[in-house]
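Chemist: Below you will find the structure I want to go over with you.
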Amino acid sequence: MISAVSWIPKGVAKAIPVEVEPPSKEEIDEILKSGALERSADSDDEENEEMDLDAAKKAAEVSQALAAADALDQKNRSTSFGSEYITDALRELDMDHYDDEDDGIEVFSTGLGDRFYPSNDMDPYLKKDKDDADEDEDDEEIEDMTIKPSDAVIVCARNDDDISQLQVCVFEELEDGDFNLYSHHDIILPAFPLCTAWLDCNLKGGDKGNFIAIGSMEPAIEIWDLDLVDEIQPFLVLGSVAKTKKKGKKTSVKYKKDSHTDSVLGLAWNKEVRKYLASASADTSVKIWDLVTGECFHTREHHTDKARFILKLVQAVAWNGHVPDVLLSGSFDRSVVLMDMRYPSHTGIKSSVAADVESLAWDPYDQHSFVVSLEDGTVQGFDVRAATSDPTLGCKPCFTLHAHDKAVSSVSFSPTAPKLLATGSMDKMVKLWDLSNNQPSCIASKNPKAGAVFSISFSVDSPFLLAVGGSKGDLQVWDTLTEVGVARKFGKYSSRKVEPVVAATADADASPEGEDMTDSDQE
């Protein structure tokens, strides 16, 4: 399954990512000290014990053979010519070390001339052909690993057969207008990934970098360098477990300072103040991290009501792209909270929503507007200017859209087509909406064959390309500009000319342009 997708802007990734050297002895020792291999220790010990028993048994058999040879030699020394050499011959064979390798032995003698070589690498004729073949293979490998400035990169957080990993995919646009999508490299992760956030804050110094933050079932947030291949450890870890102590049947856990204490469900990178990363957690808190220092400098717990014992996980966070100090969070307590980080003591503006929050997004063309997708299949739109003077009452929604039959797990605004919103749902459908004048209308819908949809995202460079990830684990990219309704309404915002295709499916026929096929309550 694919739990999260993120686009990397074109031209950011290194043309040829750096291949990391295998870990040094010191690094291996550090991994061993961390206890990462403790789970396999018992089985390894059992295997080693079995090997020791086999070795002891073989040594005993060799000693017994030598003793028998000595006895035979003593008995037959005067009567059997040659038996006196048995003991010496066995010792010369050195049966005690029979299985040991001896790199110094030359298998082929020089007496046969130069027609025979111990290996093909020593044959000048074969070596020349091999060098040519190796050079061709190296050229092909370099070509396969090269990421061109015109290539888009999509990072998928996925889990297959209990193996968690980041899959870095290249999406290239071909000269004939077609597309080619392929996997470039993978990064193995230690825990089930739940959310991602790409960031260009260069943690190594200089201007910009190419990193991705990952939230998982663990309390730690890992930052990985996407310009490295075969890396086995994250570049930076925010929070995490410091120590675990087992006493009887109980296990006590000690966390690092200011760490989350439960799964990290949502991440948002601040594109204006690039060293800031916000995180939402099942521990009911929202944290703001300084990526340069690696420390948390602010924690909010505004989605809790300890007086009434209401403790609800925080599902999503999003920075306002126009006002970088404003952060929005959504929770399973059926509320969204608007915070201005310039006033950390302020409780924020809390607005109620109809169901548990799944995701949220700011309108890139309107600093006052945002949408919230909910567990009951609806999407609600808000305008912060409608907030009351009482911060506890918040603001009422501008519209409530009954978008899907099941939870709307993800939403994404097109970065260049104003008011074009995509919604993805557990009902396996992805829909496109025109939100003009707060009167949503469905202009296209599709089953991308991704299974239950967990994550969708519009590309920044090709704003009509929508990446879709879901339960089937197959990354899908939908060229939404091929839809008649999208081309007619928003085609003017694209320099790319695409011939719209009218799909002969029930979904396409059921969603003509401008007609909202779901109930929408306007307020």
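Chemist: Residues with amide H under 5 Å of residue 151's amide H, sequence separation 5 or more or different chain, H placed in the peptide plane at 1.01 Å from N; which?
Modeler: Amide H neighbours of residue 151, under 5 Å, 5+ apart: 11.
Chemist: Would you count, across region 146-265, every pair of lysines whose alpha carbons are under 20 angstrom apart, provided the pair is eight or more residues apart or spans two chains?
Modeler: Close lysine pairs found across region 146-265: 9.
Chemist: Sticking with this structure for a sec: Rg (Å, one decimal) plus Dmax (Å, integer) for the alpha carbons of region 215-271?
Modeler: That works out to 14.1, 48 Å for Rg and Dmax.
Chemist: Taking region 250-399 as the region of interest, what is the percent of Cα-Cα pairs per 10 angstrom bin, listed from the shortest bin to the one with the maximum distance?
Modeler: 11, 42, 35, 10, 2, 0
Chemist: Could you please tell me the mean projected area of the C-alpha convex hull for region 419-498, averaged over all directions and given in square nanometres to one decimal? Before the final figure, lay out each step's value.
Modeler: Numbers: hull surface 20.8 nm².
For the Cα atoms of region 419-498, the hull's average projected area reads 5.2 nm².
Chemist: When ranked by the protection proxy of mean other Cβ atoms within 10 Å per residue, highest first, what sequence do the peptides 229-236, 482-489 form?
Modeler: Highest mean packing first, the order is 482-489, 229-236.
Chemist: Tell me the label-point distance for the pair residue 188, residue 343, using the 7 Å Cα-to-Cβ offset, in nm and rounded to one decimal.
Modeler: A separation of 5.1 nm, rounded to one decimal place.
Chemist: With the cut-off at 1.5 for a/c, could you classify region 371-426 from its C-alpha gyration tensor as rounded, prolate or oblate?
Modeler: Cα axes put region 371-426 in the oblate bin.
Chemist: Using packing as a proxy for protection, rank 252-262, 276-286 so that the peptide with the highest average count of other Cβ atoms within 10 Å comes first.
Modeler: Per-residue mean Cβ counts within 10 Å order the peptides as 276-286, 252-262.
Chemist: Identify the residues of region 2-20 with backbone N under 16 Å of a label point that sits 7 angstrom from the Cα of residue 495 along the Cα-to-Cβ direction, or state none.
Modeler: Answer for this model: 10-11.
Chemist: How large, in Å, is region 310-416 by the Kirkwood hydrodynamic radius built from its alpha-carbon pairs?
Modeler: 13.8
Chemist: Would you please put 340-346, 184-190, 413-419 in order of how densely packed they are, using the mean number of other Cβ atoms within 10 angstrom per residue and starting with the highest?
Modeler: Peptide ranking by packing, descending: 413-419, 184-190, 340-346.
Chemist: Okay, moving on. Below 11 angstrom from the Cβ of residue 356, what's the summed charge of the other residues (Lys, Arg +1; Asp, Glu -1)?
Modeler: -2
Chemist: What is the Cα coordinate range of region 182-278 on the first, second and third principal axes, sorted by size from largest, in whole angstrom?
Modeler: On the principal axes, region 182-278 reaches 50, 32, 23 Å in Cα extent.
Chemist: Short version: ³J(HN,Hα) in whole Hz for each residue of region 330-343, in order, from phi by Karplus 6.51 cos²θ - 1.76 cosθ + 1.60 (θ = phi - 60°), x for Gly and Pro, what are they?
Modeler: So the J values, rounded to whole Hz, are x, 9, 6, 8, 6, 8, 10, 10, 9, 10, 10, 5, 6, 10.
Since every read-out is calculated from the coordinates, none of them should be taken as a lab result. Values in this document were obtained by computation on a predicted structure and should not be read as measured data. Methodologically, a virtual Cβ is constructed for each residue, glycine included, from the backbone with ideal geometry; neighbour enumeration extends over all protein chains shown.
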